[in-house]
Amino acid sequence: MEEFSLYVLDIVMNSVRAGAENIDVSLDDRGGLLTFKVTDDGCGMTEEQLERLSDPFFTTRKTRGVGLGVPFLKMLAEQTGGDVKVSSVAASESPESHGTTLVATFHSNHIDFIPMGDIKGTFVTLIQGNPDVNFTFVHETDGGEVRLSCAELKSVLGDGIPLSSPEVLAWIRGYLAEAYEEIK
Amino acid sequence: MKSIEELMAIKEKMQNKVSLRNSAGDDVRVVVGMATCGIAAGARPVLNAFVEGVSEAGLSDRVMVTQTGCIGICQYEPVVEIYEKDKEKVTYVKMNAEKAKEVIERHLKGGEPISEYTIGAATK
């Protein structure tokens, strides 16, 4: 994958598939160090699953026998001198409070790092496909911060108008375009 | 700056439409594979081309664009499946944003699937 924003999309999809209702995504990209963090309240992973997370031949899916999402991210992090850490509490072991936190670090000035790419496109794609999930996106750069909270948007729109409706998506797209323009 | 007032105006406008949409139902479903295989092959611009194109073409009332995980034919990603009431499923493979626009025009609007983009043509 040639854009970092695609890694973000791919990794956050794991939280979606874990059945999370709340997913916080943060990108702290200041002073040459990029920290990408995802926190969700999904079904989590057992210790055994967690151990095998960076094994490409381990996956829980049924349609194919390989899982490359986390291995790809780990490879990119490590080739820039960073790393990936994942902690998780499985719903099977803690029904009250469960979920996963992933923290990946990258040296964004490293020659082997890749361009950020269309991060707005990633946020919009996540909302479009999962309008019921409460995403919070925070992107901090040397130029300022972009922030979007789906829970806040929902409280304005009320019930019955999904975030995935074309009119709302157009507003979100416009909002993000302007917010990123300001911190350029 | 895009304002909350604008969002509230959208809400007002849509509340009238919602009841209409519910009774019409979604006749056509466009499903884009968005697992690692799809994303790496370029599914995000394909999905966004469908989301924006369907809305621009005024088809939002009868066409729903959704995402799914791995369909199991990774070598053909980006894969797009089109489900239409009382018709056979059409599977488009190796899609891109340009082809997506054509599919909106010829298939979703015109009613004629583009056979050369389907999996049947790709596996020949």
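The values are calculated or read from the model by the stated rules, or taken from the named source; none is laboratory data. Quick caveat: nothing in here was measured; it's all calculated off a predicted structure. Note that each Cβ is placed from the backbone with ideal geometry, even for glycine, and that neighbours are counted across all protein chains shown. Heads up: the accessible areas ignore ligands, DNA and RNA and are worked out on the full protein's heavy atoms, side chains in. Shrake-Rupley method; radii C 1.70, N 1.55, O 1.52, S 1.80 Å.
Taking every lysine pair in chain A that is 8 or more places apart or spans two chains, those with Cα atoms closer than 21 Å amount to 6. Counting only protein heavy atoms and a probe of 1.4 Å, the accessible surface of the range B:24-122 is 46% carbon and sulfur. Could you work out how far the C-alpha centroid of the range A:44-117 sits from that of the range B:99-124, in angstrom? Value for the Cα centre distance between the two parts: 36 Å. Taking the C-alpha atoms only, the angle from helix B:43-56 to the longest principal axis of chain B is near 50 degrees. Each Cα pair under 8 Å and six or more residues apart adds its sequence gap; the mean of these over the residue count of chain A is a relative contact order of 25 percent. Assuming charge only on the beta carbon of Lys and Arg (+1) and of Asp and Glu (-1), the dipole of the protein assembly as shown about its Cα centre is about 900 debye to the nearest 20. Accessible surface of chain A, 1.4 Å probe: 50 percent of it comes from carbon and sulfur atoms.
For peptide A:164-176, the mean count of partner chain Cβ atoms within 10 Å of a residue's Cβ comes to 5. Straight-distance candidates among the lysines for linking to B:K85, with alpha-carbon spacing under 17 Å and chain neighbours fewer than 8 residues away dropped: B:K109. Accessible surface for the range B:24-122, divided over its residues, is 43 Å² per residue with a 1.4 Å probe. The residues of chain A expose on average 46 square angstrom of accessible surface per residue, using a 1.4 Å probe on protein heavy atoms. Which of these, A:T122, A:T63, A:T35, has the largest mean-square fluctuation under a Gaussian network model of chain A (Cα springs below 10 Å)? It is A:T63. Sorting A:S15, B:S3, A:S92 by accessible area puts them as A:S92, B:S3, A:S15; the probe is 1.4 Å, largest comes first, and only protein heavy atoms count. Dipole of the range A:121-167 computed with +1 at Lys/Arg Cβ and -1 at Asp/Glu Cβ about the Cα centre; of A:H139, A:V156, A:Q128, farthest Cα towards the positive end is A:Q128.
The calculated FRET efficiency for the pair A:E78 and A:E48, based on their C-beta separation and a Förster distance of 22 Å, comes to about 0.45.
As a rough guide to protection, the peptides B:32-40, A:99-107 ranked by mean Cβ packing within 10 Å, highest first, stand as B:32-40, A:99-107. Its Cα centre serving as origin, the range A:100-158 has a Cβ charge dipole (Lys and Arg +1, Asp and Glu -1) of approximately 180 debye. When the residues B:R44, A:R64 are ordered by accessible surface, computed with a 1.4 Å probe over the protein chains alone, the sequence from largest down reads A:R64, B:R44. Accessible area buried by the pairing of A and B, both sides summed with a 1.4 Å probe, works out to roughly 3000 Å². At the residue level, B:Y117 shows approximately 40 square angstrom of accessible surface with a 1.4 angstrom probe and all protein chains present.
Since only B:N96, B:G120, B:T36 are under comparison, the one whose Cα sits farthest along the positive direction of the charge dipole of the range B:24-122, derived from C-beta charges on Lys, Arg, Asp and Glu, is B:T36. Taking only C-alpha pairs under 8 Å that are 6+ residues apart, what is the relative contact order of the range B:24-122 in percent? Across the range B:24-122, relative contact order equals 32 percent.
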